[in-house]
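The values are calculated or read from the model by the stated rules, or taken from the named source; none is laboratory data. Just so you know, these numbers come straight off a predicted model, no measurement behind them. Note that each Cβ is placed from the backbone with ideal geometry, even for glycine, and that neighbours are counted across all protein chains shown.
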Amino acid sequence: MSLLPPRVTVREVGLRDGLQSIVTIVPTERKCEWVREAHAAGQREIEVGSFVPARLLPQLADTAAVLAYAKTLPGLFASVLVPNLKGAERALECAADLMVFPLSASHAHSLANLRKTPDEAVAELGRIRAARDAAGSKTIIEGGVGTAFGCTIQGDVDPAEVLRLMQALLDAGADRVSLADTVGYASPAQVHSLFERALRIAGDRFCCGHFHDTRGLALANVYAALELGVARFDASLAGIGGCPHAPGASGNAATEDLAFMLASMGIETGIDLPKLLALRGKVAGWLAGEQTHGALWRAGLPKTFGALRTAQVAIAAS
């Protein structure tokens, strides 16, 4: 019998994974408003951007400014994505709480996305760890293994290779590791199998699941990971984002849908759903003409939701 975690952290990645995948450039002041209102809605982990060259991703050119604002909000854990040592040095300069270093288990995807082989990427993480330690920084390094369930370029990805690279990231100095279904190939059975093996290797240093809803299975895959005790997941408001190497993809797990599913199961997230839905509407307005996703915003919260939550609280307290 599975024992679901009583509390789950939903890390918002819309400001990075979401915005980098669309044409619209959201002004810095609106990004800061997004961060502020997400914080007011109870979110405490937000990936605010990525330190990549502005010519490559002009949507994220203001990451330093958004990070600086995020660090003024009490209790907010602000992360950034860094693709290389130079990006990591910027994250250290700006005192990010966490930097996520992405590695693709697919050799072909790694070359297309990072212009490095997977093992070259592992070596780069070693240099990032050395730079972090030399700076005396407390910034956490997370090594994220992407294309963990397959790749639109390469096709099959051997689970043994995923686990080898995850171990290599830990050996190279990652403080913690995560797995991502970058192109939305995973099924719940695959998630259960691979995450179970990953947890045996990494233990409590395995920290997060990242699922795309390309074929409608993101929440089902989250549930499969929940059954193993995983208690942190990435999600993107309005389901925006997705891998540029996955044409036709429907984006990330939608933050509001994930938060609703967890709340309806009696799992605490700290998220105020009406406030989150209000923010979702605002962000969707900023992205007029862009494709957004999700189901909760269409139907709204059920009339029974408040009574359900009250009953769950009473059961937990008894």
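Against the condition out of contact with any Gly (no Cβ under 8 Å at 6 or more places or on another chain), closer than 25 Å to residue 97 by Cβ and part of a helix (DSSP H, G or I), how does residue 124 come out, does it pass? Yes, satisfied. Restricted to the range 250-277, and to residues there that are among the polar types (S, T, N, Q) and assigned to a helix (DSSP H, G or I), the residue that is modelled with the lowest pLDDT is 264. Residues of the range 206-228 being of a type in the set (Asp, Glu) and under 23 Å from residue 100 (Cβ atoms), which ones? Matches in the range 206-228: 213 only. Taking the criterion of being in contact with a Gly (Cβ under 7 Å, 6 or more places away or on another chain), in contact (Cβ under 8 Å) with a residue 40 or more places away in the chain and not charged (D, E, K, R), the residues of the range 211-233 that qualify are 212, 230, 233.
Scanning the range 278-294 for residues that are assigned to a loop (DSSP other than H, G, I, E, B) and either surrounded by 15 or more Cβ atoms within 10 Å (Cβ to Cβ) or hydroxyl-bearing (Ser, Thr, Tyr) (or both) turns up 287, 290, 292, 293, 294.
Looking at the range 186-199, can you tell me whether even one residue there is more than 23 Å from residue 256 (Cβ to Cβ), part of a loop (DSSP other than H, G, I, E, B) and of a type in the set (Gly, Ala, Ser)? Even if it seems obvious, please write down each step before you answer.
Our first condition is that a residue be more than 23 Å from residue 256 (Cβ to Cβ); within the range 186-199, this holds for 187, 189-190, 192-199.
Right, trim to part of a loop (DSSP other than H, G, I, E, B) and you get 187.
Filter once more, keeping what is of a type in the set (Gly, Ala, Ser): 187.
For the range 186-199, residues more than 23 Å from residue 256 (Cβ to Cβ), part of a loop (DSSP other than H, G, I, E, B) and of a type in the set (Gly, Ala, Ser): present.
One residue stands out in the range 163-177 among those that are touching a helix residue (DSSP H, G or I) at 6+ places or on another chain (Cβ under 7 Å) and part of a helix (DSSP H, G or I): the one that is surrounded by the most Cβ atoms within 10 Å (Cβ to Cβ), namely 169.
Scanning the range 134-162 for residues that are in contact with an Asp or Glu (Cβ under 6 Å, 6 or more places away or on another chain) and assigned to a strand (DSSP E or B) returns 140, 141. Sort out which residues of the range 1-57 are surrounded by fewer than 15 Cβ atoms within 10 Å (Cβ to Cβ) and of a type in the set (Asp, Glu), and write them in order of number. Scanning the range 1-57 gives a single hit, 29.
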